[in-house]
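Undergrad: Below is the structure I would like to discuss, written out as C-alpha cells.
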Amino acid sequence: MSKPIHFTDDTFNQEVLQSPIPVVVDFWATWCAPCRMIAPIIDQFAEEYEGKAKIGKLDVDNNQEVAMTYGIRSIPTVLIFKDGKIVDSIVGAVPKKVLQERLEAHL
C-alpha cells in the first residue's frame, strides 16, 4: 500500500521539480482542520495514482523555505507540478472529485 511522500525543504527540488511524472503536493500543518479533512483523499491518491503521479505532503511549519517560495498563504493548498512547473493550484478543502479532475487533466 502506497503512502504519500513527505517532502521537505531538502528533498523538494529532487523529488518534485526533477520528477519525470506529475507531482501533487499538499501543503498542510498538523493544527489545520481543513487539512485533516483532505488528508484521506491524499492517502487514497497515493494508492490510486502509484506509478502515474507522485503524491505527497509538505508540512509548512517545518518546511517554511518551500512554502515561502511558492507563496503559500492559506492551507490546505494543493499544487500540481509537471516538468518542474506549477500547472494547477487548488486552495481549501475540496471534494475528492474536484482534486481528481484537476489531476487527471495533467496525466
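Computed from the coordinates by the stated procedures, all read-outs in this text should not be read as laboratory data. All values reported here derive from a predicted model rather than from experimental measurement. With ideal geometry, Cβ positions are generated from the backbone for all residues, glycine too; neighbour counts draw on all protein chains shown.
Undergrad: Counting just the residues of region 49-95 that are surrounded by 14 or more Cβ atoms within 10 Å (Cβ to Cβ) and of a type in the set (Asp, Glu), which one comes out nearest to VAL23 (Cα to Cα)?
TA: Step by step, filter region 49-95, then rank; the result is ASP88.
Undergrad: Condition first: within 14 Å of ASP26 (Cα to Cα) and not in a loop (DSSP other than H, G, I, E, B). Now tell me which residues in region 88-97 satisfy that.
TA: The answer is ASP88, SER89, ILE90, VAL91, LYS96.
Undergrad: Filter region 51-73 down to the residues that are basic (Lys, Arg) and either at positive phi or in contact (Cβ under 8 Å) with a residue 24 or more places away in the chain (or both) and list them by number.
TA: LYS52, LYS54, LYS57
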